[in-house]
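Values quoted throughout were computed directly from the atomic coordinates according to the rules given, and no laboratory measurement underlies them. What you see is a predicted model, and the numbers here were worked out from it, not measured in a lab. Glycine also receives a Cβ, built like all others from the backbone with ideal geometry; neighbour counts cover every protein chain displayed.
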Amino acid sequence: MKTNGIIVAAGLSSRMKAFKPLLKLKEKTIIEYSIDSMLNARVNQIVVVLGFNAEEVETLLRNKYDCSQLTFIYNEKYAETDMLASVKLGVLALDNCDAFYLLPGDMPAIKTKTFLMVKDSISRTGAMVAFPTINGQRKHPPLISWKCIDFIINFHGDGGLRELWNQLEDQIVIVPVEDFGCTIDADTKEDYNRLVHYMDERN
């Protein structure tokens, strides 16, 4: 199965009051760890959707990576649109693939095993979407079949991503995982401190 990935890092980081993608965790930034997690899962292409401070993030990543696997897309309306708008832009930029992962740019601690478990689930079941779950709660990153691409692009209902998943409910499989990294992001200062602590302990 050929997999690609979309990392959404277009937001204003308003709750954090600091720009999340460029916050440091040990020797790297959050966005670098997020990209590394996908590369470790053997994706072929990562579409990075940027908005606020886009040029700064792109410059950093171009200096750190062989960008043959990275595609940079700008959401010019990042201040007035939701995550679904960025996802649509990312989907439009995907190369051909069987499925793609979707990951917010402030979730840098996902284990490789989690990526591979949802991939195995879609391979076995033929589902449209596979979500990792912890204690029954869906977490990132879902793996999404290429068959969903037109549906995502043409979806215009209220409710954003949550409503989109609701409309695909009977075609979603869940994959229980043991990965605390699926539960932590960097929305607030407290979240970031938990993330720092977890990464220190993990490494």
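Here the gap between K147 and E76, fully extended at 0.36 nm per residue and compared with their Cα-Cα distance, gives a gain of 22.9 nm. Evaluate E = 1/(1 + (r/R0)^6) for D187 and L161, where r is the Cβ-Cβ distance and R0 equals 22 Å; express this FRET efficiency to the nearest 0.05. The formula returns an efficiency of 0.90 here. Per DSSP H run of at least 4 residues, take -39500 (n - 2.57); add these up for the chain, divide by its residues and hand me the 222 nm value, nearest 500 deg cm²/dmol. My calculation for the chain gives -11000 deg cm²/dmol from helical runs alone. If only the Cβ of Lys and Arg carry +1 and only the Cβ of Asp and Glu carry -1, the dipole of the chain around its Cα centre is close to 380 debye. A simple spin-label model places pseudo-atoms 7 Å from Cα toward Cβ; at N96 and T125 they are separated by 2.8 nm. What residue among A79, A41, L168 has its Cα farthest toward the positive end of the dipole of the chain, where the charges are +1 on Lys, Arg and -1 on Asp, Glu, each on the Cβ? Highest projection toward the positive end goes to A41. Oblate is the label for the range 15-85, because the ratio a/c of its alpha-carbon gyration tensor axes (a ≥ b ≥ c) is 1.5 or higher and a/b is not greater than b/c. Simple point charges give the picture: +1 on the Cβ of Lys and Arg, -1 on the Cβ of Asp and Glu, and for the range 45-96 a dipole about the Cα centre of about 100 debye.
Rounded to the nearest 20, the size of the Cβ-charge dipole of the range 46-161 about its Cα centre is 600 debye, with Lys and Arg at +1 and Asp and Glu at -1.
What shape does the chain have by the C-alpha gyration tensor, where a ≥ b ≥ c are the square roots of the eigenvalues, rounded means a/c under 1.5, and otherwise prolate means a/b greater than b/c and oblate the rest? Rounded. Please give the residues of the range 24-48, grouped as numeric ranges, whose backbone N is less than 18 Å from a label point set 7 Å along the Cα-to-Cβ vector of D200. Residues 24-30 fall inside that zone.
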